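Reviewing the structure listed below.
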Amino acid sequence: METTLRAIVKNHRESGGNIISLLQDTQEAFGYIPREAVQYFADELGIASSRFYGVATFYAQFRLKPRGKHVVTACCGTACHVKGAERLLNSMKLELKLEGDADMTADGQFTLEKVNCVGACGIAPVVIVDKKVLGKSTADKLVKEIRSIRSASHEKK
Amino acid sequence: MKRNNIEIRVCMGTGGVASGGAEVLEAFRGEVEKAGITATVKERCSVHQVGCRGLCARDVLVDVAVDSERITYQYIKADMVPRIVQEHLLDNRPVSEWRVGEDYDRFHQKQVKVVLADCGRIDPEEIDAYLAVGGYEAARDVLTNWRPEEVIEEIKMSGLRGRGGAGFPTGLKWELARKTPGDTKYIICNADEGDPGAFMDRAVIEGNPHSVIEGMIIGAFAFGSHHGYVYIRAEYPLAVERLKLAIARARERGFLGSGIFGTAFDFDIKIKLGAGAFVCGEETALIASIEGQRGMPRPKPPFPVNRGLWQKPTVINNVETLANIPSIIRRGCGWYAGYGTEKSRGTKVFALTGKIKNPGLIEVPMGITLREIIYDIGGGTDSGKPVKAVQTGGPSGGCIPAGMLDLNVDYESLAKVGSIVGSGGMIVLDEDNCMVNMARYFVQFTQEESCGKCVPCRVGTKRLLETLDRITKGHGREDDITRLEDLAAGIKALSLCGLGQTAPNPVLSTLKYFREEYEAHIIHKKCPAKVCKGLLTYRILEDKCKACGACLRACPSGAITGEKKVPHKIDPAKCVRCGACFEVCKFQSVDRE
């Protein structure tokens, strides 16, 4: 981890970056913002760690927890909302057995996220499964998609 | 042998890619190669990607042009490509059943394309394609032959107003920045399209990124800036990639960097990735974000044109605004001002979505009526049910009822009825959409996106949401409507920035035009559109039930009991009101009210 962090700080100094770009690079490398990374930056750059957390918690992009192996992103933009995004979300929650505010399955296989708008409103409702954009989604299709990913990863084991 | 010019264009906007555009493009390249068309008419057959064609719901859209005869195909998948190549290109018999119909032409008939003129026609990743349609001519001309004041005058005369939402005259903004003393000035292109349900800026950058760069060069020259930023959402990976590529290519050709177009003028552009905060659409918040801080707005004045990024004079223009500039310079302010109404000149791009037959990206002259947009371009509702309302302007806008469809779409007319043009989201709602639920949706959005700096917005939106929540769950109180109105007035008057000042608009406009729907929720505990879960009950109509078991399998909570040949039953105590049974039933035997 430290080598990666050192490289990020080096790049940050050379390109005259800021806290946001530093955190973006960190998330790109680790998939989330680890606590150790913030501590490292704070020590290295002489900036209080609270400033990093202030920025990281302000923007929706940053995550302070790791994500599951597969990421399911449900678009909840207006067009998707009027086309039933909430129903899709509920059926995926049921399929993934996520309760309350939980967003990651117990086995760490899936993370279910909401996003404000992916800008593909013409094919609403939209769900993105592992970067694959599924337009005109239905609960049936999504459950099938999730099950096929799940069985594929079982086979690997 | 006669040699034909063959051009194949495959839509590779986000909609096109999602529907398999990359595979279609690959298939065309492979098939054309195999068929030997490339060999016989080399250099004259090109297969390339283009940006958004507008009608994303019909993707993948493919244009096949043999000489000047162009035929558009819709819903194309990779496995359909061999037949098109064989029949259309080799046998000269277009595949008629895959062609777009008359409605595709009708979709385009009333549109006037300025910003989108070359979107969907040229390959966004090839700078030569942009140059071939006259790209960078305006910038070259301006830098070589014009004085900055003349540029400003031209843009002022065109009547162009900011397309990001507020509608501030662009020429005037540039003039103010020009008059502010200082050696270092910045131009920022705001591509942080945070309005849910809008994707105009994404489509423009994906489809024709060079037009935005050219607009920035002209603006920078007009008010004397040498440094530009594009602040763009990280959620738009394809747009970011194409923009990066376009900037690199422009730099290679000497259109960016030092001494551009062989003049003494220096200008370059950097990209800053937004990290996902709606409030960063506000100018001062956007500036804070580029500086690397939490994107919180500050009181104005001083305005950014006087003191903006790093305390220097800064102009922030929206993507669509900038993309208009090259055409205005090339064709003259008079031509541009010829479109639109007296106070709202030119054209506007809208993202027409929701319950509409032809959802997509459209560009229309200002002043067109909502009816023309919805029926002539959009083809009416997809459900066949009557239009109930049109939502414009996203979380800052309002719902316009169906009775006002003859309203002209321009800044003033929409403001008069309690909505706004905004950045260009236009969502059509039918009778299956609950207006209280819509208001709640937008308030939930603004409440989550409120930066928390000022109390009226932070606490006010929270209280609005709690009240709306209560109403949609069936616990509405009689004085809730007055409470909403009081809260809304307070938030509007006292919030620091545009986010808070406009946040109550969705509530106020629905209260104004659909008050009876609020009353139905509060007094009768009914949701007339049958949307609000807490107000619905489901039951199975025994005489219609075929006991097929579909609902039983679909029910997530085990509330449905029954067996073969015995009509099923729902246990209200176990029912979570998800509506799954209602949706799967093929015999309409599940009733809800």
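Details
- Of all residues in the range A:13-36 being in contact (Cβ under 8 Å) with a residue 24 or more places away in the chain and more than 18 Å from the chain's Cα centre (by Cα), the one that is surrounded by the most Cβ atoms within 10 Å (Cβ to Cβ): A:Ile19
- Failed criterion for B:Gly367 (all others in (1) buried (at least 24 other Cβ atoms within 10 Å of the Cβ); (2) farther than 25 Å from B:Asp469 by Cα; (3) not aromatic (Phe, Trp, Tyr) hold): (1)
- All helices (runs of 4 or more DSSP H) inside the range B:477-543 with 2 or more residues being surrounded by fewer than 17 Cβ atoms within 10 Å (Cβ to Cβ) and aliphatic (A, V, I, L, M): B:480-494
- Exactly one residue out of B:Gly254, B:Gly292 is at pLDDT below 95 and either within 14 Å of another protein chain (Cβ to nearest Cβ) or in a loop (DSSP other than H, G, I, E, B) (or both), and it is B:Gly292.
- Boolean, B:Ile76 is modelled with pLDDT of 85 or more, more than 29 Å from B:Leu243 (Cβ to Cβ) and not assigned by TED's automatic domain parsing to the domain that holds B:Asn358: no
- Among the residues of the range B:84-104, those that are under 17 Å from B:Ile8 (Cα atoms) and in a helix (DSSP H, G or I) comprise B:Ile84, B:Val85, B:Gln86, B:Glu87, B:His88, B:Leu89, B:Leu90, B:Ser96, B:Trp98.
- Residue in the range B:561-571 that is without any contact (Cβ under 8 Å) to a residue 40 or more places away in the chain, acidic (Asp, Glu) and part of a loop (DSSP other than H, G, I, E, B) present: yes
Let's see how each residue does on (1) free of Cβ contacts under 8 Å to residues at least 60 places away in the same chain; (2) in contact with a Cys (Cβ under 9 Å, 6 or more places away or on another chain); (3) under 30 Å from B:Thr347 (Cα atoms):
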site	(1), (2), (3)
B:Gly54	no, yes, yes
B:Ile84	yes, no, no
B:Asn92	yes, no, no
B:Arg99	yes, no, yes
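- Filtered residue count, the range B:413-441, keeping only those that are more than 14 Å from every other protein chain (Cβ to nearest Cβ) and aliphatic (A, V, I, L, M): 5
- For the range B:147-180, the candidate set comprises residues that are free of Cβ contacts under 8 Å to residues at least 12 places away in the same chain and outside any helix (DSSP H, G or I); within that set, the residue that is farthest from B:Gly338 (Cα to Cα) is B:Arg147.
- Residues (out of contact with any helix residue (DSSP H, G or I) (no Cβ under 6 Å at 6 or more places or on another chain), over 20 Å from B:Gly135 (Cα atoms) and not in a loop (DSSP other than H, G, I, E, B)) located in the range B:201-228: B:His227
- In a residue-by-residue description of the range B:448-464, the property of being of a type in the set (Gly, Ala, Ser) and over 22 Å from the mean Cα position of the chain (by Cα) applies to at least one position.
- Residue list for the range B:59-117, filter: farther than 17 Å from B:Val24 by Cα, surrounded by 18 or more Cβ atoms within 10 Å (Cβ to Cβ) and polar (S, T, N, Q): B:Gln111
- Pick from the range B:310-353, criterion touching a Pro at 6+ places or on another chain (Cβ under 8 Å) and farther than 30 Å from A:Thr78 by Cα, ranking: surrounded by the most Cβ atoms within 10 Å (Cβ to Cβ): B:Thr314
- Restricting attention to the range B:442-472, the residues that are within 14 Å of another protein chain (Cβ to nearest Cβ) and either part of a loop (DSSP other than H, G, I, E, B) or surrounded by 24 or more Cβ atoms within 10 Å (Cβ to Cβ) (or both) total 8.
- In the range B:564-586, the residues that are loosely packed, with under 12 Cβ neighbours inside 10 Å and at negative phi: B:Lys564, B:Val566, B:Pro572, B:Ala573, B:Lys586
- Single condition B:Asp266 does not satisfy, out of (1) among the acidic types (Asp, Glu); (2) modelled with pLDDT of 95 or more; (3) farther than 26 Å from B:Val151 by Cβ: (3)
- Residues being small (Gly, Ala, Ser), over 25 Å from A:Arg63 (Cα atoms) and under 28 Å from the mean Cα position of the chain (by Cα) - total across the range B:221-276: 4
Results for (1) farther than 23 Å from B:Ser211 by Cβ; (2) assigned by TED's automatic domain parsing to the domain that holds B:Asn324; (3) under 20 Å from the mean Cα position of the chain (by Cα), shown as yes or no for each residue.
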{"residue": "B:Val85", "(1), (2), (3)": "yes, no, no"}
{"residue": "B:Lys113", "(1), (2), (3)": "no, no, yes"}
{"residue": "B:Gly135", "(1), (2), (3)": "no, yes, no"}
{"residue": "B:Ala139", "(1), (2), (3)": "no, yes, no"}
{"residue": "B:Thr144", "(1), (2), (3)": "no, yes, no"}
{"residue": "B:Arg147", "(1), (2), (3)": "yes, yes, no"}
{"residue": "B:Arg161", "(1), (2), (3)": "no, yes, yes"}
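- Every listed requirement among (1) at pLDDT 90 or above; (2) among the hydrophobic types (A, V, I, L, M, F, W, C); (3) in contact with a helix residue (DSSP H, G or I) (Cβ under 7 Å, 6 or more places away or on another chain); (4) more than 27 Å from B:Val204 (Cα to Cα) is met by B:Ile84 save one, (3).
- When the range B:544-560 is filtered for residues that are surrounded by 18 or more Cβ atoms within 10 Å (Cβ to Cβ), within 14 Å of chain A (Cβ to nearest Cβ) and without any contact (Cβ under 8 Å) to a residue 24 or more places away in the chain, only B:Ala559 remains.
- Residue check for B:Ala323: over 30 Å from B:Ser495 (Cβ atoms) and in contact with a Ser or Thr (Cβ under 7 Å, 6 or more places away or on another chain): yes
- Residue match in the range B:370-382 (condition: within 13 Å of another protein chain (Cβ to nearest Cβ) and either among the aromatic types (Phe, Trp, Tyr) or under 16 Å from B:Ser509 (Cβ atoms) (or both)): no
- Taken over the range B:420-434, the criterion of being over 17 Å from A:Cys76 (Cα atoms) and surrounded by 24 or more Cβ atoms within 10 Å (Cβ to Cβ) is satisfied by B:Val421, B:Gly422, B:Ser423, B:Gly424.
- Search result, residues across the range B:416-441 that are part of a helix (DSSP H, G or I) and more than 20 Å from the chain's Cα centre (by Cα): B:Lys416, B:Met435, B:Val436, B:Asn437, B:Arg440
- Scan the range B:388-419 for residues that are aliphatic (A, V, I, L, M), closer than 27 Å to B:Gly579 by Cβ and crowded, with 24+ Cβ neighbours inside 10 Å and the total you get is 2.
- Across the range B:205-241, the number of residues qualifying as more than 14 Å from chain A (Cβ to nearest Cβ) and farther than 19 Å from B:Trp310 by Cβ comes to 12.
The values are calculated or read from the model by the stated rules, or taken from the named source; none is laboratory data. Since the model is a prediction, treat every value here as computed from it, not as a measurement. Ideal geometry is used to build each Cβ from the backbone, glycine not excepted, and the neighbour counts take in all protein chains shown.
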